[in-house]
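For reference, the structure is listed below as structure tokens.
All of the numbers you see were taken from the coordinates with simple rules; none came from a lab. Please read these numbers as outputs of a predicted model, since none were measured by experiment.
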Amino acid sequence: MAEKVAKLSVSREKDFMYYVKDGAVWKVQRKQPGVQKGKPEKVVDGNFQMDTDFIYFVDKDGDVSRAKRAVGGQKRKKKGKTGSSSAPAARKAAKSSKAAKKPARKPAAKSAVKSAKKPVKKAAKKVAKAVNKKAAKGGNKKAKKKGR
């Protein structure tokens, strides 16, 4: 958790970002579209030494607080055995068992049924189009002959 280092009671402004640098509190205007970058401005000198093992920030009360710095990132899972001679053998065994497995086959019956239906539908559509075209052409010819 955080512990207070200096009680400064800094009053914050809405469009500014506050940070701690070299034992003092600074503010800079937040980035906004169409607005140029602002110059940092010293607000209050805190008169305290900063330790690199902690991060320093301005808390909600306007005081300077610090929290333990997380070093090394996220924790890793612990390994079972530390023996170096058994680890390579276990890796080799795992690789050989993976290589021996064959991938599962997918059922071919569904795809065969689908592919069998598609040409029938396409052929039926083509025949229907041809019949409609012939009927339309034939009807027009008869209408023209009757009109003479």
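If you average the alpha carbon positions of the stretch 42-77 and of the stretch 13-33, how far apart do those two centres end up, in angstrom?
Each part reduced to its Cα centre gives a spacing of 15 Å.
Among LYS42/LYS68; LYS14/LYS39; LYS37/LYS60; LYS21/LYS75, which pairs are too far apart, with a Cα-Cα distance over 21 Å?
LYS42/LYS68; LYS37/LYS60; LYS21/LYS75
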